[in-house]
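**Q** My structure is below; once you've seen it, I'll send some questions.
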Amino acid sequence: MKDTGTIAEHGLVKRATGIHDLDTVTHGGLPAGGATLVIGEPGCGKTIIGLQILASALARGEGGVFMSFEESRDQILRNADAFRWGPRLRESSRCEIIDGQSMRRAEFSGAFDIDGLLAVLDLCARRVEGTWIVLDGIDQLLRRQLDSQTAIDQIAQLNDWCIEHEYSLLLTGKHISSDRTQPDYLNGIEFMLSTILVLSSTLVDKRLNRRFRIAKYRGTRHNPDELAMLIDDGGIHLPYADPFIPETIPAAGERLGTGIERLDKILDGGVYRGSITLISGQPGTSKTTLGAAFVAAAAGRGERALLISFDEFARQIVRNVATLGIDLQTPIDSGHLRVVARASWDALVEEHYMALLALIDEFQPDCLVIDPASALLKSSGADSAFLALERLLAVTRTRGITLMLTSLSEADDPFGESTLSHASTLADTWIVLRYQVKGGERNRSLSVVKSRGTAHSNQVREMTLSPQGIELADVYPYGSEVLMGTARIQKESEEFALRQRQLKERLRQQQRLEREIDKTRALVQQGQEELERLQEELIAESHDQKEVDRGVDQHQDSVIQRRNPGQGGLAQ
Amino acid sequence: MNLTPADDAHPKRTSLILFVTGEAPRSRRAHHSLSAALDDSSLDIAPAREIDLLREPQQAIRFGIFATPALLRIDASGNRRVLYGDLSDERRLKDFLAAL
């Protein structure tokens, strides 16, 4: 049984704890033979780690022993019942829970040995064919020793015993670092044991932020960072446990429509699949509408789209964008689109991160919109919001999910364009929505600040919303400005009038020419007739001539005949 | 705790059980300290029964005693007190035996 779930690394044999995140940061688990110390202040999850490891072992068909020096068997099982895997501890015949709290009420006179404890643990572990032994609240036992050196020696004894019998031992104990008047019974132990996990918790904005750190794991690679830790009904989670592997990012070549035809044109056909688009703007600049148009377009292509809103309820969004000709209800009904509303203040950043990951895992979207991503900055523990966001971007990138983030920028922000400026460096496309206030009007404008791998227009365009959808109006450069709103319409009508005038003028010109042609044609006709008449005249004339000539000949003949009557016949 | 009234751990008068682990020095010291204290005392206490947890580890769970040496005192009404350690503090041991 003891070989199950163990891996060897440079001679150190590890045993998987069955807690995915913990096995990830420890690169395979905790020592298969020997003790791991879990220290932390009260209430930071030490006992839960022990219980969860045990429950995971039971699920894999291994056995385990849990001994508490602080709580009764019933208390422990009650605590465990708060978790999905809790009942397993109660029901399994391979789980031994020993009540060791009687030590607390005892009196002490001189030093004591723990050989009896080892004998009991061995008895129980053999009975359940156990691989894991958890001693919860070992400090309760050790602080009874007269001197801390005895306590340290006994931990060494426990550790050696576990190595010899190939048990994985988890020792949990309170770490009282702030209180110097009380001797810290775990101090020397920290130097002695090769594996130490430190749990801590701090209050940020009146919310508990849990932290996890591998303070020491001798002889093996591990993640040494202090990581955020969450506890939910699944037990402990380390949301940032999984390493980021950049090699797995799929290369993007395909363009995806944004749902706004003119925007696609500006972006050279749309955004790249798997890319990140940031849309930043002040309140009311239609960030949500752009996001809705994007998911509607994705669903329209038959893809799966997920819209996560931190601002509005799903039904509100569907109703609001419907007035702009964007239909979200149909793709929701067909299962292509899911709209999920979350409240930023409701959870820690890490909890949001975990929830978003769970949603992505479950729904497997092709396109994802987080509206607004800047809301994460409002949630508790916001100092790690950028970390959460970056990790989220890494997840969407590696999975080829096309992501659109919106970001609310403050009205008095001197740069005016993004509070998520950090994220804007990560984004492939950055679209800024603004109000242009001019001539007593407030007009929405859209400009593409950057778009990697795209020859995009640098011009600011006016964005108009109507029941027909979102339109980007033509750009009217006027000097150094771009005209919008009434100014644009005025300019547009001026241009229209000019065009009308030009059209009329041309029409007139055409008519004039046509008239000329008709006139000329008439002249040509007239000339033709004249020509024919002259020709006929000419013919008639030449005919007359012949008649005359013949008359003249006859006259000469008759004259000759008269002159020579005898010879007249000769001539004929 | 896990005891029934018929149990041998629930006698008519005060009884003592000394938990030891084999021939461990502290266990032996406790044994001697206890014997000496009982010889000196005028208390009406039966000689201590000894349980070796290395031989009978299940007794540790039964009595809830995991460190040795440990002296368990059960009085006539079933109240239990435990004194851990090698019983080297004579005064402490006498107070414990006298239930002070």
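The values are calculated or read from the model by the stated rules, or taken from the named source; none is laboratory data. Just so we're clear, the structure is a prediction, and the values are computed from it rather than from any experiment. As a convention, Cβ positions derive from the backbone with ideal geometry for all residues, glycine included, and neighbour counts pool all protein chains shown. The area values use the complete protein model at the heavy-atom level, side chains included, leaving out ligands, DNA and RNA. Shrake-Rupley method; radii C 1.70, N 1.55, O 1.52, S 1.80 Å.
**Q** Considering only strands (runs of 3 or more DSSP E) fully contained in region A:192-287, which possess at least 1 residues that are small (Gly, Ala, Ser) and more than 23 Å from residue A:42 (Cβ to Cβ)?
**A** Output list reads A:276-281.
**Q** Does any residue of region B:66-74 turn out to be surrounded by 22 or more Cβ atoms within 10 Å (Cβ to Cβ), among the polar types (S, T, N, Q), in contact (Cβ under 8 Å) with a residue 24 or more places away in the chain and in a strand (DSSP E or B)?
**A** Checked against the condition, which is being surrounded by 22 or more Cβ atoms within 10 Å (Cβ to Cβ), among the polar types (S, T, N, Q), in contact (Cβ under 8 Å) with a residue 24 or more places away in the chain and in a strand (DSSP E or B), region B:66-74 yields at least one hit.
**Q** Now for a different question. Can you run down the residue pairs with Cβ atoms below 6 Å, 6 or more apart or on separate chains, where the first is in region A:392-403 and among the aliphatic types (A, V, I, L, M) and the partner is in a helix (DSSP H, G or I) and open to solvent by 20 Å² or more (accessible area, probe 1.4 Å)?
**A** Partner pairs satisfying both residue conditions: A:393/A:426.
**Q** For residue A:14, which of the numbered conditions (1) open to solvent by less than 10 Å² (accessible area, probe 1.4 Å); (2) closer than 29 Å to residue A:207 by Cβ fails to hold?
**A** (2)
**Q** Could I ask something else about it? When you go through (1) in a helix (DSSP H, G or I); (2) of a type in the set (A, V, I, L, M); (3) free of Cβ contacts under 8 Å to residues at least 40 places away in the same chain one by one for residue A:8, which number turns out not to apply?
**A** (1)
Yes/no matrix, rows are residues, columns are (1) modelled with pLDDT of 85 or more; (2) touching a strand residue (DSSP E or B) at 6+ places or on another chain (Cβ under 7 Å); (3) surrounded by 10 or more Cβ atoms within 10 Å (Cβ to Cβ); (4) not in a helix (DSSP H, G or I):
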residue	(1), (2), (3), (4)
A:490	no, no, yes, no
A:497	no, no, yes, no
A:507	yes, no, yes, no
A:510	yes, no, yes, no
A:517	yes, no, yes, no
A:525	yes, no, yes, no
A:531	yes, no, yes, no
A:538	yes, no, yes, no
A:569	no, no, no, no
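**Q** Here is a list: A:315, A:301. Which entry is within 22 Å of residue A:471 (Cβ to Cβ) and loosely packed, with under 15 Cβ neighbours inside 10 Å?
**A** The unique qualifying residue is A:301.
**Q** Restricting the search to region B:18-55, which residues are part of a loop (DSSP other than H, G, I, E, B) and within 9 Å of chain A (Cβ to nearest Cβ)?
**A** Result: B:21, B:22, B:24, B:53, B:54, B:55.
**Q** Just a yes or no: is a residue in region A:176-184 at pLDDT below 80, crowded, with 20+ Cβ neighbours inside 10 Å, closer than 24 Å to residue A:230 by Cα and more than 14 Å from every other protein chain (Cβ to nearest Cβ)?
**A** The answer is no; no qualifying residue exists.
**Q** What is the residue count in region A:99-116 for residues that are under 13 Å from residue A:138 (Cβ atoms) and in contact (Cβ under 8 Å) with a residue 40 or more places away in the chain?
**A** So the answer is 3.
**Q** Could you give me the residue pairs with C-beta distances under 7 Å whose first residue belongs to region B:49-62 and is within 23 Å of residue B:13 (Cα to Cα), whose second residue is open to solvent by 90 Å² or more (accessible area, probe 1.4 Å) wherever it lies, and which are 6+ apart or on separate chains?
**A** Within 7 Å, the pairs are B:62/B:2.
**Q** Hey, another quick one. What are the residues in region A:206-230 that are farther than 16 Å from residue A:38 by Cα and β-branched (Val, Ile, Thr), if any?
**A** Of everything in region A:206-230, just one residue is farther than 16 Å from residue A:38 by Cα and β-branched (Val, Ile, Thr), namely A:220.
**Q** Are there any pairs with C-beta distances below 6 angstrom linking a residue in region A:338-365 that is in contact (Cβ under 8 Å) with a residue 12 or more places away in the chain to a residue that is aromatic (Phe, Trp, Tyr), with the two at least 6 apart or on different chains, and if so which?
**A** A:338/A:363; A:341/A:313; A:342/A:310; A:344/A:310
**Q** Looking only at strands (runs of 3 or more DSSP E) that lie completely in region A:60-156, which have at least 1 residues being farther than 23 Å from residue A:236 by Cα and within 11 Å of another protein chain (Cβ to nearest Cβ)?
**A** Qualifying strands (runs of 3 or more DSSP E): A:95-99.
**Q** If we keep just the residues of region B:56-74 that are farther than 22 Å from residue A:138 by Cβ and hydrophobic (A, V, I, L, M, F, W, C), which is farthest from the other protein chains (Cβ to nearest Cβ)?
**A** B:74
**Q** Could you tell me whether residue B:81 is more than 14 Å from chain A (Cβ to nearest Cβ), open to solvent by 60 Å² or more (accessible area, probe 1.4 Å) and not β-branched (Val, Ile, Thr)?
**A** It is false that residue B:81 is more than 14 Å from chain A (Cβ to nearest Cβ), open to solvent by 60 Å² or more (accessible area, probe 1.4 Å) and not β-branched (Val, Ile, Thr).
**Q** Can you name the number of the only condition in (1) modelled with pLDDT under 90; (2) more than 7 Å from chain A (Cβ to nearest Cβ); (3) closer than 15 Å to residue A:109 by Cα that residue B:89 fails?
**A** That leaves (2) as the condition not met.
**Q** Still on this structure: Considering only region A:304-358, state which residues are in contact with a Lys or Arg (Cβ under 6 Å, 6 or more places away or on another chain) and assigned to a helix (DSSP H, G or I).
**A** If the condition is that a residue be in contact with a Lys or Arg (Cβ under 6 Å, 6 or more places away or on another chain) and assigned to a helix (DSSP H, G or I), then A:344 is the only one that fits.
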